[in-house]
Amino acid sequence: MGQVSRWWAILAGVFSIVSAQDVANQKIDQLNAALKDTAGTIDTTDNGVQVNTSNSLRAGPRGYNLLEDTAVRKKMLHFDRERTPERVVHALGHGAYGTFESYGDFSNLTAACWLRDGAVSEVFTRFSVVVASVGGSESGRDTHGFATKIYSECGNQDFVGNHLSSFFINDGADFPDLVHAVKYEADKGFPTGGTAHRTAYDFFDHHPEGAFQLMNVLSDLGIPRDVRHMSGNGVHTFRFINAEGKSTLFKWFWLPKLGHRSLFYDEVTKIAGKNNNFQRVDLYNNIAAGIYPEWEFAVQLFPDDGSYMWRGYDLLIPTVIVPFDENPPMKLGRLTLNRNPNNFFAEPESISFAPSNVVDGVSFVPDPLLQWRLMSYDDTATHRHGSPNGFTLPVNRPIAPVNNNYRDGYMQPYIYEGNSTSTPNSIGGVQEPGADATLAYTAAAGEQAGSGPIGRYVSQYDWFGQARTFWNTLDKFAEQHTVDAYRFELGNVGDADVVQRYINNTLNSIDNCLARRVAFGIGSTMPEMGSGPSGSGTIQSNSSMPKTFSSLYPLGATQEPHKSNEGLQVALIANDTLGTQADVQAMMSLLSAQQVSLTVVAPRIGMLKTGVTANASFITTSDVFFDAIFIGSLATTNGTSGSGLDMDSYNFVMEAYGHGKAIGALGSSGSGILSGLAIQSKPGVYSGDAARVANDVLDALAGPVRFPERFPTDDVNAICGAA
Ligand code: HDE
């Protein structure tokens, strides 16, 4: 680097510290420049001529349409083309803008400018589900996508991860097969949003390396309440490179400040029918209300000694994780989502992520899953946008200057000046490659460790070990949910041979008792007692569970005991005699102090005879959308018991009870109502003074959240034999 450019680089560095917020705003300014407000304008054609495209041009009031109606013809022609192809996977998604703030100066680790002291960058995050197509349910049991683009001053840095820590396969060559197997069956066209079918389990049987990932999906982790309560995981190992060219390996995570929350599977199926956008509504409404979700960016670090191994963990195998208690993640920064998009098509739909979008200081490792991702995303984006010029769309454009000689193509928006379009040249335009071409493409490329004879290799590992550890660390309720999920999936496969093979080959290799319980529930042949790996088949006791889950994320009620309740929703059941203004007043200040929103649900919307205003009815909403339910106190003392609740209220409360939710009955009538419902004195059920009950419910929501002890669990002794 020449002396002048060195000084310039130093000055630029100082400037970036001083004006970190300005850097974040640069993206906002760029997006604002692309905004177009048509409010109050007159309809025109694309060539700017005023026209009426609301009424067709016809040969008389009852006559044929005329071909000469070029204006409506163009309107129709445009409409016919107004979709881009949906993503092959992760088609169903939504997202928001926000900021990433570095917690300090991490230049010892990486040259990445977004990890400099004081750096604040604008970001966009898109959340998604893998299997369902556009129009499906966002709450479905699936691996959820968590993709973030950091518009940093040194270029776009994309983090394209999932909400679970590992993956189903280890080689990108298998990815098209995985996706074909889990999407709808080729001949039938169903099911369109889940893996409970034959081709999926046939694939899983042939790919035992995915046993741990599938168990994660089938645990409660596979059905997060919403995106605010789930993590993001890079899955692969990546490489940081500092300005001296030193490489450090890392795995990255977005850890939710709100902790993790999951749904009950029965709830998931009902949410899918009643509001398949529950997740995007939750994020949108919280951001609109100023309740901004946050995640911490954390990394597990591993020295780069060329082996890509760390204490026996193979860092090139993405189906294998490194537990947090063995390598605690280090927190480097914070992601806050604080701005909803203006236009769904132009922003979350048109954004294109690519793991290959890295800045100077971040690079790759020879993981054969990651290596294929480095080409696939750009390729699919080129196909979706119908052009390689998709990077010029406002949501994709970096704030860093883009200068190259990639030219022309469909919808190329710039009018480049000058006549030289080759590099290097001595005429003008983009003249030569930079002397400081990014480290990511230089230093790391020299790293040849692990290379050897050309061939097609298969990784070897104990594919069942981490699934077994995960299974052994579930409490008995989380265990039961997971068993039930396997039963649901395998019970719907409809091919007894595929089911039996999966039970014998995979489940029995994880744990004999797990395999027997699943088989027992769906009428398959139970593997012989004790035929699984040694150490399995014993009954796990709740109290002796290790506190760190090998899934990386906690599932049991004792984990994350005091979560924040920010952005949760509770319902108060009211009618013309139930629910008073005093109830509402007593609860409101307590709920709003924790940013929990209250909906009064009644037989009709509007003012009730009690003076309380209902903002939802049993027809417009459902208990599945609420985290806890309150029953209002009786406004009159003419004595109504719970059995006297009308059928809608009764169903509302009892279904929520059946989903393990906290229930609070307010006032002196409360205990009578609860005893009429036969749930009085059950765990998570409270009655009495409105303020006290509100506090009890808020405490319950912060942890344990749900009360799974209300449900029966398998008679494990009978199925697996005593320990
Ligand atoms: Fe993706 N993946 N993927 N993937 N992926 C896509 O890219 C692909 C993988 C992930 O919100 C596609 O733009 C291959 C792992 C997310 O826009 C496509 C392989 C992880 C998203 C593609 C993988 C992911 C995608 C579809 C194996 C977690 C949504 C449209 C080699 C670490 C991004 C698109 C968004 C999307 C290919 C495996 C996460 C087809 C070939 C592992 C979050 O290019």
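Values in this text are rule-based calculations from the coordinates and carry no lab data. Just so you know, these numbers come straight off a predicted model, no measurement behind them. Every residue, glycine as well, gets a Cβ built from its backbone with ideal geometry; the counts of neighbours run over all protein chains shown.
If you plug the beta carbon distance of residue 79 and residue 595 into 1/(1 + (r/R0)^6) with R0 = 25 Å, you get a FRET efficiency near 0.05.
The ranking of 489, 138 by Cβ neighbour count inside 10 Å, starting from the fewest, reads 489, 138.
Report, in whole Å, the centroid distance computed from the Cα atoms of the stretch 137-205 and the stretch 559-597. Each part's Cα centre sits 37 Å from the other's.
For the stretch 383-425, the list of chymotrypsin sites (Phe, Trp or Tyr not before Pro) that fall in a loop by DSSP and count at most 16 other C-beta atoms within 10 angstrom reads 406, 410, 414, 416. Residue order for 654, 76, fewest other beta carbons within 10 angstrom first, comes to 76, 654. Listed by chain and number, the aspartates and glutamates placed with their C-alpha closer than 16 angstrom to that of residue 661 are 220, 266, 267, 623, 627, 696, 699, 709; residues fewer than eight positions away on the same chain are left out. Students often get this wrong: which residues of the stretch 73-100 have the backbone nitrogen under 17 Å from the point 7 angstrom along Cα-to-C-beta of residue 56? What the label zone holds, given the 17 Å backbone N cut-off, is 73-80.
The dipole here belongs to the chain: it is taken about the Cα centre, uses +1 on the Cβ of Lys and Arg and -1 on the Cβ of Asp and Glu, and is about 980 debye. Legend: residue pairs 36/149; 183/270; 251/331; 274/682, Cα-Cα distance threshold 18 Å; pairs beyond threshold, 36/149; 183/270; 274/682.
Scale the Cα Rg of the chain by the rule-of-thumb value 2.2 N^0.38 Å and send over the ratio, two decimals.
Values: Rg = 28.5 Å, N = 723, 2.2 N^0.38 = 26.8 Å.
Taking N as the residue count of the chain, the ratio is 1.06.
Inter-part distance, the stretch 310-364 to the stretch 496-517, computed on C-alpha centroids, equals 33 Å.
Indicate, rounded to the nearest 5 percent, the antiparallel portion of the DSSP beta bridges found entirely in the chain. Present the calculation step by step, with values, prior to reporting the outcome.
On the way: 64 of 83 bridges.
Here the antiparallel bridges make up roughly 75 percent for the chain.
Taking trypsin sites (Lys or Arg not before Pro) across the stretch 309-388, the ones in a DSSP loop with at most 10 further Cβ atoms lying within 10 angstrom of their Cβ are 311.
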